[in-house]
Each structure stands twice: as C-alpha cells, then as structure tokens.
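**Student:** Got a structure for you, written out below as structure tokens; questions coming shortly.
The values are calculated or read from the model by the stated rules, or taken from the named source; none is laboratory data. Please read these numbers as outputs of a predicted model, since none were measured by experiment. A quick note on method: Cβ atoms are made from the backbone with ideal geometry, for glycine too, and the neighbour counts reach across all protein chains shown.
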C-alpha cells in the first residue's frame, strides 16, 4: 500500500501537469503523423519517445530519417539540440540537495523545457518537493509517449489549430517567465536573454542560441548584481 | 524492428540523458559557491525568455524576422493577464482563446 501522504503528493503532481499535457498532446500527435510518414511503425515511434523523450530533437531526427541520414549524424544532432538541459538540471539541482542517486537518476529522465519551467516555479514557491515533481514529470512523459504512438497510427485526431491549442505551451512559458521575475535585475536578464536569443537564432543554425543567450545573460546578471551591491555598500559606508 | 533503429534510439537516448543527469548528480551533493547560486538563480528567467522570444518574432529555417504574426500580438495581452492575475490556468486558457481568435483575423 502506498503511504497516504505519498498518494496525495502523487495526486498533486499529476494534477499540476495539465498545462504540459495540453501542449504535448497536439505536438505528440503531429510528431506521430510525421514519423509515420517517414516510415516508422507506432512501436518504433513509442520506443523513441520512451528512450529520448525530447520533442524538438525527435522532430529533427525523424526529418533526418526521412531524408536517409546515417545514424551517427542524427545522434550528434540530438546531443547538441538537447545540451540546453544541462543548464536546466544545474538550476534544478539547487532544490534537489541530498537526494539519493536513484531518485535523481529517475528525475533526470523527466527534465524537459516544460517540466523544468513548471517545477522550478513550484519549488521556488516552497510548496513543492521531489515526489510531487517526479509525479508531474512522469505524467507529462506518459502524455507524450501515448500521444506520439496514437499519432503514429496516422491520425491527426485534433484538427491543426483547433481551440488555439498550439498556444498552450507558449502561454504557459509566458506565465512562468512572469513568475520568475522577482526584481528589476530579473527583468534586465530576461530582456537581454530574449534579445540575444533572437539575434543568435538569426545567425547560428539549430537551437544553440538558447544556451548561448541564457549563459551570457545570466553571467551579466551576476556581474550587475555584484556591481549594484558594491554601489550600495559604498553609499552605506559614506 | 531493425537493429539499426534500436541502435539509433539508444544512442539518442544516452546523449539526451547525460546532460540531464550529470548536473543533478554532481551539483546536488556539493556546496555551491555564492556566485554559482546567483548565476543558477538567473537561469530560469534567462532560459524561458530565450525559448519564447525567438518563437514569437522569427519563423522559418534558417530563421528570419517576422514581427507581424499572431503569436507575438497575442503574447502582449497574455503577458499582462499573467502579470495581473498570477494565474497559470487562466493565462493558458486566455492565451489559447486569444490565439484562436487572432489566427482567424490573420489568415
């Protein structure tokens, strides 16, 4: 039997995952359809969603499979596309101190742009822990796997663009970005990162712009904070 | 199922899993210096902004600027709504509804 406290954690985690699921279902279906068209069977599609579990990398991989690419270039591309998770896991580690290797390894599997954004906000609010976060991760994971397999049977069961469902994830990201703003310096870092990302995305292929822009903006944020703190100390001292 | 394909998804899985796993294992068991904590504290805002803004103002591959598109237009009231209400559920629903309407006017 599951400890009643754990089962309420489980429910909260599953319940909190709904915006991600709402976004994953249409994207997962679309991915399944594309993968089906590239010649993959529903089981092959499900296997990729289970092993890789990363939307944009899977889309790129399927288009490379469709154009007859070899295995190694696809794996290398996947690696660069998913390197951004390095930043997200680093940031999450602050909230997962002193956890065993087992739970951490399971947690790592579920780190995506979406689960990172949602869990990070919850952790910061303080009413969240790794069990709830893990339940959220695995719910989103299940929604992804199942919807890609269903799409793989050739069905775009939700008509493209219906009910503005394509905007579920952008709206979620916008809201979670707002939640991350806790002072002027965060606005500066966010605006800088966004503008740098746009500029980099125009000049560099792929999605390396995400890591480049975030690292630059966060580093500048640290220097700005140091600079402001120094200014404050010297005025207090005088 | 072809063994080639199995090798492919295993390889993709490993190179995706490692960047997710390594920082969690190493950073969660060491005392982080203050500057690193501050840096990591800025990462969510920076990453989210870097994910969103290019999606709102660029299109195509290779990307080019497309400022006049429903996604950007809708993002402004969505952002204001999120700021005022601080409700995730409300923001997602309002954003979807506005996008649905905006796309009908654009196309």
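**Student:** From A:171, A:133, which residue is surrounded by 21 or more Cβ atoms within 10 Å (Cβ to Cβ), in contact with a helix residue (DSSP H, G or I) (Cβ under 8 Å, 6 or more places away or on another chain) and under 30 Å from residue A:103 (Cβ atoms)?
**Tutor:** Sole residue among the options that is surrounded by 21 or more Cβ atoms within 10 Å (Cβ to Cβ), in contact with a helix residue (DSSP H, G or I) (Cβ under 8 Å, 6 or more places away or on another chain) and under 30 Å from residue A:103 (Cβ atoms): A:133.
**Student:** Only residues in the stretch A:36-60 that are not assigned by TED's automatic domain parsing to the domain that holds residue A:142 count as the first member; pair them with residues that are surrounded by fewer than 17 Cβ atoms within 10 Å (Cβ to Cβ), Cβ under 9 angstrom, at least 6 apart or cross-chain, and list the lot.
**Tutor:** Once the first residue is not assigned by TED's automatic domain parsing to the domain that holds residue A:142 and sits in the stretch A:36-60, no partner that is surrounded by fewer than 17 Cβ atoms within 10 Å (Cβ to Cβ) comes close enough.
**Student:** Starting from residues that are part of a helix (DSSP H, G or I) and touching a residue at least 24 places away in the same chain (Cβ under 8 Å), keep the ones in the stretch B:50-104 and report whichever is farthest from residue A:202 (Cα to Cα).
**Tutor:** Only one residue fits best here, namely B:98.
**Student:** Would you pick out the residues in the stretch A:73-91 that are surrounded by fewer than 21 Cβ atoms within 10 Å (Cβ to Cβ), farther than 11 Å from residue B:12 by Cβ and without any contact (Cβ under 8 Å) to a residue 24 or more places away in the chain?
**Tutor:** A:73
**Student:** Step by step: first the residues of the stretch A:99-120, then only those that are within 7 Å of chain B (Cβ to nearest Cβ) and not in a helix (DSSP H, G or I), then the one that is surrounded by the most Cβ atoms within 10 Å (Cβ to Cβ). Which residue is that?
**Tutor:** Result: A:111.
**Student:** To continue, here is another question. Being within 8 Å of another protein chain (Cβ to nearest Cβ), under 20 Å from the mean Cα position of the chain (by Cα) and at pLDDT 95 or above is the requirement here; does residue A:218 meet it?
**Tutor:** yes
**Student:** Before we move on, is residue B:3 in contact with a strand residue (DSSP E or B) (Cβ under 7 Å, 6 or more places away or on another chain) and more than 7 Å from chain A (Cβ to nearest Cβ)?
**Tutor:** No: the conditions fail for residue B:3.
**Student:** Just one of A:191, A:211 is surrounded by fewer than 19 Cβ atoms within 10 Å (Cβ to Cβ), modelled with pLDDT of 90 or more and facing chain B (nearest Cβ under 9 Å); which is it?
**Tutor:** On inspection, the qualifying residue turns out to be A:191.
**Student:** Suppose we filter A:196, A:176, A:202, A:169 for residues that are touching a residue at least 60 places away in the same chain (Cβ under 8 Å) and assigned to a helix (DSSP H, G or I); which single one remains?
**Tutor:** A:169
**Student:** Okay, next question. Of all residues in the stretch B:59-96, which are out of contact with any helix residue (DSSP H, G or I) (no Cβ under 8 Å at 6 or more places or on another chain) and at pLDDT 95 or above?
**Tutor:** Of everything in the stretch B:59-96, those that are out of contact with any helix residue (DSSP H, G or I) (no Cβ under 8 Å at 6 or more places or on another chain) and at pLDDT 95 or above turn out to be B:76, B:80, B:84.
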